[in-house]
Amino acid sequence: MQGSLKADIVYFGLRVALGTIFVAHGFEKFDPAIAAYFPQFGLPVEMAFLSGLAEFVSGILLIVGVLTRLSAALLSIVMLGAIFYVLKAASLTGQFGYEFPLILLASALVIIAVGSGRVSVSHLAKKIPRFLQ
């Protein structure tokens with residue numbers, strides 16, 4: 001499937017879906033009411049802004065297809081933190097289950113492996129090194 005137009009459309013869909021989720025979740029972390037929950041997880045309130053910024057900017061970069069591997073790697077680190085530090089990897093399902101962060105992590109890993117594909121600004125620009133696409 002690699003190299004085909006169908007594959008590139010699927011990769012584009014995955015990038016847009018994942019990017020949209022992270023833009024939405026990143027944006028809500030700029031709200032002080034949401035940031036107030038961070039100390040309950042053993043994190044300083046300032047981490048809400050940093051994680052929100054990482055998710056918001058990386059999500060936008062995923063959607064447009066610029067620096068996708070780098071963005072997906074950053075989001076993978078955020079999801080590993082969510083799974084192991086915040087949720088303590090205690091339960092796959094349930095109220096504090098890590099199934100949602102796990103599928104986001106898996107999606108980000110696919111993007112790291114595949115790159116941005118041909119339906120991306122990176123492909124159109126052709127000046128961005130392949131390992132960053």
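The values are calculated or read from the model by the stated rules, or taken from the named source; none is laboratory data. These numbers were taken from a predicted model, which means no experiment stands behind them. When we count neighbours, we look across all protein chains shown, and the Cβ atoms used for this are built from the backbone with ideal geometry, even at glycine.
Return the only residue of 73, 106, 82, 113 being small (Gly, Ala, Ser) and within 19 Å of residue 38 (Cα to Cα). Before you say what the answer is, go through the steps one by one.
Details: 73 fails: within 19 Å of residue 38 (Cα to Cα); 106 fails: within 19 Å of residue 38 (Cα to Cα); 113 fails: within 19 Å of residue 38 (Cα to Cα).
Of the residues listed, the single one that is small (Gly, Ala, Ser) and within 19 Å of residue 38 (Cα to Cα) is 82.
Only one of the numbered conditions (1) touching a residue at least 24 places away in the same chain (Cβ under 8 Å); (2) more than 17 Å from residue 103 (Cα to Cα); (3) surrounded by fewer than 16 Cβ atoms within 10 Å (Cβ to Cβ); (4) among the hydroxyl-bearing types (Ser, Thr, Tyr) is violated by residue 68, and that is (3). Among the residues of region 102-122, is any surrounded by fewer than 15 Cβ atoms within 10 Å (Cβ to Cβ) and at pLDDT below 95? Within region 102-122, one or more residues are surrounded by fewer than 15 Cβ atoms within 10 Å (Cβ to Cβ) and at pLDDT below 95.
From 16, 10, which residue is more than 16 Å from the chain's Cα centre (by Cα), assigned to a helix (DSSP H, G or I) and surrounded by 14 or more Cβ atoms within 10 Å (Cβ to Cβ)? Steps first, please.
Values: 16 fails: more than 16 Å from the chain's Cα centre (by Cα).
Only one candidate passes the filter, namely 10.
Condition check: hydrophobic (A, V, I, L, M, F, W, C), buried (at least 20 other Cβ atoms within 10 Å of the Cβ), touching a Phe, Trp or Tyr at 6+ places or on another chain (Cβ under 7 Å) and over 21 Å from residue 113 (Cβ atoms). Does residue 48 satisfy that? Yes; evaluated as a whole, the condition is true for this residue.
Please verify whether region 21-39 includes one or more residues that are assigned to a helix (DSSP H, G or I) and of a type in the set (Ser, Thr, Tyr). No; the residues of region 21-39 include none that is assigned to a helix (DSSP H, G or I) and of a type in the set (Ser, Thr, Tyr).
On the given criteria, is residue 63 of a type outside the set (Phe, Trp, Tyr), under 15 Å from the mean Cα position of the chain (by Cα) and surrounded by fewer than 19 Cβ atoms within 10 Å (Cβ to Cβ)? Here the answer is no, as residue 63 does not meet what is asked.
For region 54-69, which positions are in a helix (DSSP H, G or I) and either at pLDDT 95 or above or β-branched (Val, Ile, Thr) (or both)?
Let us first name the residues in region 54-69 that are in a helix (DSSP H, G or I), namely 54-64, 68-69.
Once the filter is applied, which keeps residues that are in a helix (DSSP H, G or I) and either at pLDDT 95 or above or β-branched (Val, Ile, Thr) (or both), region 54-69 yields 54, 55, 56, 57, 58, 59, 60, 61, 62, 63, 64, 68.
So, in region 26-43, of the ones that are over 25 Å from residue 61 (Cα atoms) and surrounded by 11 or more Cβ atoms within 10 Å (Cβ to Cβ), which residue ends up modelled with the lowest pLDDT? My answer is 41.
Which is assigned to a helix (DSSP H, G or I) and touching a helix residue (DSSP H, G or I) at 6+ places or on another chain (Cβ under 9 Å), of 92, 74, 50, 43? Explain how you work it out, then say what you get.
Values: 92 fails: assigned to a helix (DSSP H, G or I); 50 fails: touching a helix residue (DSSP H, G or I) at 6+ places or on another chain (Cβ under 9 Å); 43 fails: assigned to a helix (DSSP H, G or I).
Only one candidate qualifies: 74.
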